[in-house]
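Report on the structure given below.
The values are calculated or read from the model by the stated rules, or taken from the named source; none is laboratory data. Everything numeric in this text was worked out from a predicted model, so none of it was measured. Ligands, DNA and RNA are excluded from the accessible area calculation, which covers all protein heavy atoms including side chains. Shrake-Rupley method; radii C 1.70, N 1.55, O 1.52, S 1.80 Å.
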Amino acid sequence: LYGAIGNIDASSSVSMAVSNSPVCPGAVYLVWSSMTAVGGAEIWFSASFAGGTPGSFAPAVRVNQDPFTFNHQWAPSIEVNPMAGEIIVTYYDRRNDPANLATEVYRSVSCDCGLSWQDAPVSDAGPVPAFSSLIGGGSFLPYLGDYLGTDLNMASATPAYVWNDGRIGLDQDIWFENINP
């Protein structure tokens with residue numbers, strides 16, 4: 001997706017997780033972002049129930065459940081709850097901005113080994129306008145990323161999310177939230 005997402009230079013990440021839960025034990029999960037025929041970047045998922053051996057991955061399914069539009073979703077991160085088996089995919093999302101510039105963080109959760117997904121916002125500020133960081137020489141360049149992820153508190157199995165955005169100024173700040181699936 002290099003240069004394809006408005007004011008984002010690159011987003012070619014692929015994230016992988018392995019299920020250690022009693023639900024789909026040993027399954028290998030992959031998520032990535034890819035452009036669609038209608039022009040928006042979407043989050044895609046595939047699973048292998050044969051340890052990730054070549055040719056064992058199922059056909060890709062779309063993770064984000066908003067209508068196909070030109071709005072982008074990108075930079076997915078994946079985590080599997082080792083006790084209950086829920087798959088949690090966290091990503092940047094522009095579905096709520098008609099101009100496709102303001103960004104939120106969303107998560108999609110699957111409780112059936114990736115067959116179906118349910119979306120919910122993680123960030124609570126609403127769509128945050130694109131922001132800039134002061135780069136050497138005094139120029140402002142768009143920047144977003146690096147600190148997006150999900151982890152689980154094993155004592156409560158509550159997902160914890162971390163991301164960065166520029167809602168309070170020109171620099172990026174790290175945000176954190178615990179939300180039950």
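List of remarks:
- Accessible-area composition of segment 36-129, carbon plus sulfur, in percent [1.4 Å probe]: 63 percent
- Heavy-atom accessible area, probed at 1.4 angstrom with all protein chains present, ranks PHE176, PHE45, PHE68, PHE57 as PHE176, PHE68, PHE57, PHE45, highest first.
- Karplus-derived 3J(HN,Hα) values for segment 158-168, using 6.51 cos²θ - 1.76 cosθ + 1.60 with θ = phi - 60°, are 8, x, 10, 10, 9, 7, 10, 7, x, 5, 10 Hz; glycine and proline are entered as x.
- Solvent-accessible surface (1.4 angstrom probe) belonging to VAL18, in square angstrom, nearest 10: 70 Å²
- A probe of 1.4 angstrom, applied to the heavy atoms of all protein chains, finds LEU148 with accessible area near 30 square angstrom.
- The gain in end-to-end length when the ALA120 to ALA84 segment is fully stretched comes to 11.1 nm, 0.36 nm per residue minus the alpha carbon separation.
- Residue order for TYR161, TYR147 - accessible surface, 1.4 angstrom probe, largest first: TYR147, TYR161
- The slack between ASP173 and VAL14, meaning 0.36 nm per residue of separation minus the straight C-alpha distance, is 54.8 nm.
- Solvent exposure of ILE179, expressed as accessible area, is near 40 Å², computed with a probe of 1.4 Å over the protein chains only.
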